[in-house]
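The values are calculated or read from the model by the stated rules, or taken from the named source; none is laboratory data. All figures in this text were calculated on a predicted structure; none of them were measured in a lab. FYI the Cβ positions are ideal-geometry reconstructions off the backbone, even for glycines, and counts take in every protein chain you see. Calculation scope for accessible area: heavy atoms of the full protein, side chains included, ligands and nucleic acids excluded. Shrake-Rupley method; radii C 1.70, N 1.55, O 1.52, S 1.80 Å.
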Amino acid sequence: MPKCYYPWPTIDSPIANAFDDEEKDWYDNDYTFISQEGIKRCKSQFLSRVATYMNPTCDSIERMRPCARLMIYITLFDDYFGMTPAKELKAIADRVYEVMMGEDPRPDEIGILRQMAQARKEWVENGMPRFWIERVSINFYEFILYGMMEEIPFKQAETTIYPTLAHYLSFRKYSIGMWPYGDLIDPCTNFALPVHIYNHPIVQRCRELLSLIIVIQNDFASLKKEIEIEGESLNIIFILRNQYNLSYQEACLEAMRLHDAYGQELNDLHESLRFLDLGAFQEDTYNHIYHIKLQISGCANWYYSSGTNRYEPKGFIVPKYGREGDDIVIPHSIFVKK
């Protein structure tokens, strides 16, 4: 399978495996809505290492811990609720936003909400400002609303249908989860970008490029698994083949061309920051975009070097609303543990 490479460094985290044991406890205590087989699969994915690999300059266990929690709960949220009907998913999104913004979950609610509440409390304890808490909460909400919900017509279709490439990238850049992933740069570098800097068009485009590059990177990483799934359409290789009548090799070459063009654009925009007058935030903004680049190369490093089995066949958990013929069935509820 093709691998992605970047014209910037890949840095190894000094605390890369720091949460391996804690992660297992989180699964056992707060992810009990997943089947025992599902939990077993989760533990061998090493999802907490995504946070450390993607934010490799952070050497603080305290600042990294809530980021590791988010990496796990956003990933498993997508895995578990990925086939949920839109109306139900919207209600779940509303509740997630409430908890991420400040409400504590009730004792009878699903354990993943406890992870979200605990991460929020730890970020506050670490000094993250209210505007950043709101930022990551909104971006998580939009991950569900503009990403997961937009995928539903393709995931629930009785026969395989493909979005156009333009449509795919418009919703996949949300459903890949990189808007909230990118927010983790702030606590990991111990500096929250002010609102007016965060909203600058160049910063926003760099964040969008983070998402678009990881979309393609992820599609290459998961291709071996997804090529075996009957009816799978949400992979850029399959979409390019369908839309332009390409062979697999031609589709891979075109996808890599897009990936490399996005990477070059990110590099160019990073360099263009020196022409802006950002006042006291000039260096911090340059450093933030540098860490966007480190997140990209760090994510590729995680795919290929962390030991994860996430992208092997039968590596994922399977939701109740999964495709007919999936080999395990996981009980489903709307945040109420039966």
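The table below gives the values:
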{"item": "Distance histogram for region 189-249 (every C-alpha pair counted, 10 angstrom bins, percent rounded to whole numbers)", "result": "19, 35, 21, 18, 8"}
{"item": "Euclidean distance of C-alpha centroids, region 240-256 and region 146-172, integer Å", "result": "18 Å"}
{"item": "GluC sites (Glu not before Pro) restricted to DSSP loop in region 76-179 with at most 10 other C-beta within 10 Å", "result": "E158"}
{"item": "Shape metrics for region 145-304, restricted to C-alpha atoms - Rg then Dmax, Å", "result": "17.1, 55"}
{"item": "Where no second cysteine Cβ lies under 4.7 Å, the cysteines concerned in the chain", "result": "C4, C42, C67, C206, C252, C299"}
{"item": "GluC sites (Glu not before Pro) lying in DSSP loop within region 191-229, provided at most 16 other Cβ fall within 10 Å", "result": "E228"}
{"item": "Cβ-Cβ FRET estimate between F131 and N245, R0 fixed at 51 Å, reported to 0.05", "result": "0.60"}
{"item": "Probe 1.4 Å, accessible area per residue of region 183-284, Å²", "result": "45 Å²"}
{"item": "Placed amide H near E109: partners under 5 Å, 5+ positions off or other chain", "result": "none"}
{"item": "Carbon plus sulfur fraction of accessible area for region 44-160, probe 1.4 Å, in percent", "result": "50 percent"}
{"item": "Potential lengthening between E103 and E271 on full extension [0.36 nm per residue; Cα-Cα distance subtracted]", "result": "56.4 nm"}
{"item": "Where labels lie 7 Å past Cα in the beta-carbon direction, separation of S44 and D284 in nm", "result": "4.5 nm"}
{"item": "Förster radius 22 Å - calculated FRET efficiency between E62 and D21, Cβ distance, rounded to 0.05", "result": "0.85"}
{"item": "Distance histogram for the chain (every C-alpha pair counted, 10 angstrom bins, percent rounded to whole numbers)", "result": "5, 26, 37, 25, 7, 0"}
